[in-house]
Amino acid sequence: MTRFTQAELEAARDRLVPDVVAGGLRVLFCGINPGLMTAATGHHFARPGNRFWPVLHLSGFTPRLLKPEEQGELLSYGLGITNVVARASARADELTAEEYREGGRLLREKVVRLRPRRLAVVGVTAYRVAFDERTARVGPQERLIGDTRVWVLPNPSGLNAHWTAAAMAEEFARLRVAAED
């Protein structure tokens, strides 16, 4: 993995990270926002401590552990990645409620256009704010966006100590099974 200085990471704040999307996906995973490492590399969930890629594999979504730079392979599995908020930051708590709400509005538009079977928001707090669902919990939601069912997953950040990788993989696997119907 490429090493970046703090100055290089800070300079990445203004970079947009392209979505990995296509129409009709089985699952569109939606992160909170790009971290600085993701912005610097252009690869989603690029920070070494982030558990997204290992959990995706452990849950059976991918036949092998993908590296962030292999994110384009997700499309061949009917999977994609986007974010609630496009702006990169060192931590999600740097984002404002207004950014989350606007991100939720733009995400709804994207989902209506792309029509994935499932939208999986990774981060219950981000989902609660972006969609004004204060009592939402991890798991399937009652909300539909067009014909797309919504699922909330735990945030795979290494900072989320409440969830082990194994417990996250179980929740991701529940989504995988549901998305097969």
Residue match in region 49-56 (condition: assigned to a helix (DSSP H, G or I), more than 15 Å from the chain's Cα centre (by Cα) and surrounded by fewer than 22 Cβ atoms within 10 Å (Cβ to Cβ)): no
task: Could you run through region 126-152 and say how many residues are surrounded by 14 or more Cβ atoms within 10 Å (Cβ to Cβ), touching a residue at least 24 places away in the same chain (Cβ under 8 Å) and not in a strand (DSSP E or B)?
output: 6
message: Asn155 - would you say it is surrounded by 13 or more Cβ atoms within 10 Å (Cβ to Cβ) and in contact with a Cys (Cβ under 9 Å, 6 or more places away or on another chain)?
response: no
query: Hey, among the residues in region 168-181 that are small (Gly, Ala, Ser) and over 14 Å from Val122 (Cα atoms), which one's surrounded by the fewest Cβ atoms within 10 Å (Cβ to Cβ)?
result: Ala178
message: If I go through region 57-74 residue by residue, how many of them are over 18 Å from Val21 (Cβ atoms) and in a helix (DSSP H, G or I)?
response: 2
field: Among the residues listed as Glu133, Glu142, the single one being touching a helix residue (DSSP H, G or I) at 6+ places or on another chain (Cβ under 7 Å), farther than 26 Å from Thr41 by Cα and acidic (Asp, Glu)
entry: Glu133
query: Of the residues in region 75-94, how many are modelled with pLDDT of 95 or more, outside any strand (DSSP E or B) and touching a Leu at 6+ places or on another chain (Cβ under 7 Å)?
result: 3
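Residue-wise test of (1) surrounded by fewer than 22 Cβ atoms within 10 Å (Cβ to Cβ); (2) touching a helix residue (DSSP H, G or I) at 6+ places or on another chain (Cβ under 8 Å).
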| position | (1), (2) |
| --- | --- |
| Gly23 | yes, yes |
| Ile32 | no, yes |
| Met37 | no, yes |
| Leu74 | no, no |
| Val85 | no, yes |
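The values are calculated or read from the model by the stated rules, or taken from the named source; none is laboratory data. Predicted model, so just to flag it, every value in this text is computed and none were measured. Note: ideal-geometry Cβ built from the backbone for every residue, glycine included; neighbour counts use all protein chains shown.
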